[in-house]
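As structure tokens, the structure follows; a few thoughts come after it.
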Amino acid sequence: MFESIVLPVLIIAGIGLIFGIILAVASKVMAVPVDERITQIREALPGANCGACGYAGCDDYAKAVCESGAPTGACIPGGDGVAKAVAAIMGVEASSSTPVAAFLGCQGTHAVTQDKYLYDGITTCQACNAITAGKGACMYGCLGFGDCVAACKFGAINLVGSIAHFDRELCTGCGACEKACPKHLISILPKDTKVFVACSNKDKGGITRTVCKAGCIGCKKCERTCQFDAIHVENNLASIDPKKCTGCGTCAKVCPVHAIAEF
């Protein structure tokens with residue numbers, strides 16, 4: 001009886017021991033070497049997985065830096081701090097980056113514009129935009145359902161007065177909101193931008209005035225006033241070149257409809 005119980009147990013234990021040794025040896029022989037720098041870079045990244053760097057997420061970016069020579073300063077939410085940390089891990093000189101933030105090209109609150117019909121459907125900007133370009137009288141305006149709010153992983157966007165409002169202290173400029181907006185109203189610009197055309201309406205001035213009190217009417221007063229050739233009107237809409245703009249604010253002061261916002 002002793003042999004009928006103990007012997008099978010010993011045999012099974014022996015087989016288990018042999019397979020254990022085989023697996024241990026195989027794990028050493030067939031092991032794929034892992035670059036420790038990938039793990040170090042991954043730990044240095046903020047972990048937002050926002051894709052602003054151009055890669056699917058933080059893991060892919062860390063791998064690309066080590067294996068494909070991706071730039072060490074591509075993490076926009078991480079800023080210079082993360083860029084320096086990644087550069088130190090890679091043993092290269094850190095490249096400086098300009099802090100950026102999101103700006104909304106619309107001021108269409110209910111105080112200056114109105115809806116053209118009562119919308120009673122799926123409460124997302126994408127869904128509303130699919131129906132006659134949205135519910136607003138201005139077909140270019142913010143829809144106000146907060147697709148950008150849902151996309152932001154940093155709590156930098158809130159809906160105020162039926163349109164998106166950005167907290168630039170919290171905004172990292174990752175661009176997730178820009179991708180989420182079906183109207184393409186969001187621009188990623190240097191965080192220290194002083195003036196911005198907060199309108200996206202390209203209709204003629206007379207038409208714009210019928211749908212929004214704060215819409216750009218393409219009068220070109222800003223263009224004629226700017227001494228730095230930084231602002232021009234194309235397709236009935238003013239546009240500011242951030243590389244030429246000095247932030248003097250003259251254009252905002254002469255705008256008759258206050259379509260140019262100052263920060």
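The values are calculated or read from the model by the stated rules, or taken from the named source; none is laboratory data. Remember, predicted model here, so these are calculated numbers, not experimental data. Backbone-built Cβ (ideal geometry, glycine too); neighbour counts: all protein chains shown.
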Scan of segment 171-210 for residues that are outside any helix (DSSP H, G or I), more than 19 Å from Ile76 (Cβ to Cβ) and of a type in the set (Gly, Ala, Ser), ordered by number: Ala198, Ser200
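Could you please find all residues in segment 119-147 being in a helix (DSSP H, G or I), of a type in the set (A, V, I, L, M, F, W, C) and either in contact with an Asp or Glu (Cβ under 8 Å, 6 or more places away or on another chain) or loosely packed, with under 14 Cβ neighbours inside 10 Å (or both)?
Cys125 - this is the single residue of segment 119-147 that is in a helix (DSSP H, G or I), of a type in the set (A, V, I, L, M, F, W, C) and either in contact with an Asp or Glu (Cβ under 8 Å, 6 or more places away or on another chain) or loosely packed, with under 14 Cβ neighbours inside 10 Å (or both).
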Which of the numbered conditions does Cys75 fail, given that it passes all the others? Conditions: (1) in a helix (DSSP H, G or I); (2) surrounded by 22 or more Cβ atoms within 10 Å (Cβ to Cβ); (3) at pLDDT below 95. (1)
Kindly establish whether Thr113 is more than 18 Å from the chain's Cα centre (by Cα) and crowded, with 21+ Cβ neighbours inside 10 Å. yes
Would you confirm, using the coordinates I've provided, whether Thr193 is surrounded by 18 or more Cβ atoms within 10 Å (Cβ to Cβ), of a type in the set (Ser, Thr, Tyr) and under 21 Å from the mean Cα position of the chain (by Cα)? yes
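Restricting to segment 110-130, name every residue that is among the hydrophobic types (A, V, I, L, M, F, W, C) and in contact with a helix residue (DSSP H, G or I) (Cβ under 8 Å, 6 or more places away or on another chain).
Of everything in segment 110-130, those that are among the hydrophobic types (A, V, I, L, M, F, W, C) and in contact with a helix residue (DSSP H, G or I) (Cβ under 8 Å, 6 or more places away or on another chain) turn out to be Ile122, Cys125.
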Quick check, is Tyr61 part of a helix (DSSP H, G or I), under 30 Å from Cys171 (Cα atoms), among the aromatic types (Phe, Trp, Tyr) and modelled with pLDDT of 85 or more? yes
Provide a single number: the residues in segment 137-181 that are free of Cβ contacts under 8 Å to residues at least 60 places away in the same chain and among the small types (Gly, Ala, Ser). 9
Residue in segment 143-186 that is nearest to the chain's Cα centre (by Cα), counting only those that are over 19 Å from Cys199 (Cα atoms) and aliphatic (A, V, I, L, M): Ala176
Being in contact with a Phe, Trp or Tyr (Cβ under 8 Å, 6 or more places away or on another chain), touching a residue at least 40 places away in the same chain (Cβ under 8 Å), within 21 Å of Ala176 (Cα to Cα) and buried (at least 20 other Cβ atoms within 10 Å of the Cβ), is that true of even one residue in segment 86-102? yes
Just the residues that are assigned to a loop (DSSP other than H, G, I, E, B) and within 27 Å of the chain's Cα centre (by Cα), please, taken from segment 211-248. Ala214, Gly215, Cys216, Ala230, Asn235, Asp241, Pro242, Lys243, Lys244, Cys245, Thr246, Gly247
I'd like to check something: does segment 82-98 contain any residue that is modelled with pLDDT under 90, more than 24 Å from the chain's Cα centre (by Cα) and more than 18 Å from Lys153 (Cβ to Cβ)? yes
I'm trying to understand the selection: among the residues of segment 106-162, which are over 21 Å from Gly173 (Cβ atoms) and among the aliphatic types (A, V, I, L, M)? Ala111, Val112, Leu118, Ile122, Ala127, Ala130, Ile131, Ala133, Ala137, Met139, Leu143
